[in-house]
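The structure under discussion appears below in the form of structure tokens.
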Amino acid sequence: APALPAAALDQLCAQLLHAADLSNPCRPFPLARKWAGRVLGEFFAQGDRERAQGLPVSPLCSRDGTLVPASQIGFINFIVLPYFQVKRKR
């Protein structure tokens, strides 16, 4: 098989890395739940820092205002699903 040009290989690697980054909802539920909690923990820590500095709290970064199940459904519907639907068509 012919080798891919360097630019095409770089693009392929970037797309694979992005797909892996978005793949958490595709994992078995106990594992997906664990990792979603870790990611939201990072978001909440960011929101805590923003609040402490008197800044507006970024979306999904408020411990008090973020509904975890709704945030995950939104992530799947508006980020994960469209990404993989576009990739499937190529």
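The values are calculated or read from the model by the stated rules, or taken from the named source; none is laboratory data. None of these values were measured; they are calculated from a predicted model. All accessible areas refer to the heavy atoms of the entire protein, side chains included, with ligands and DNA or RNA removed. Shrake-Rupley method; radii C 1.70, N 1.55, O 1.52, S 1.80 Å.
In order along segment 75-81, phi translates into HN-Hα couplings of 4, 5, 5, 9, 10, 5, 4 Hz, rounded to whole numbers, per the Karplus curve 6.51 cos²θ - 1.76 cosθ + 1.60 with θ = phi - 60° and x for Gly and Pro. The portion of the accessible surface of the chain made up by carbon and sulfur, rounded to a whole percent, is 66 (1.4 Å probe; DNA, RNA and ligands excluded). Amide hydrogen proximity for Arg27: with H placed 1.01 Å from N in the peptide plane, no residue at 5 or more positions away or on another chain lies under 5 Å. Accessible surface calculations at 1.4 Å, restricted to protein heavy atoms, place the chain at 77 Å² per residue. Each helix, a run of at least 4 DSSP H residues, gives -39500 (n - 2.57); summed and divided by the residues of the chain, these come to -21000 deg cm²/dmol at 222 nm. Relative contact order of the chain: 22 percent, from C-alpha pairs under 8 Å at least 6 residues apart in sequence.
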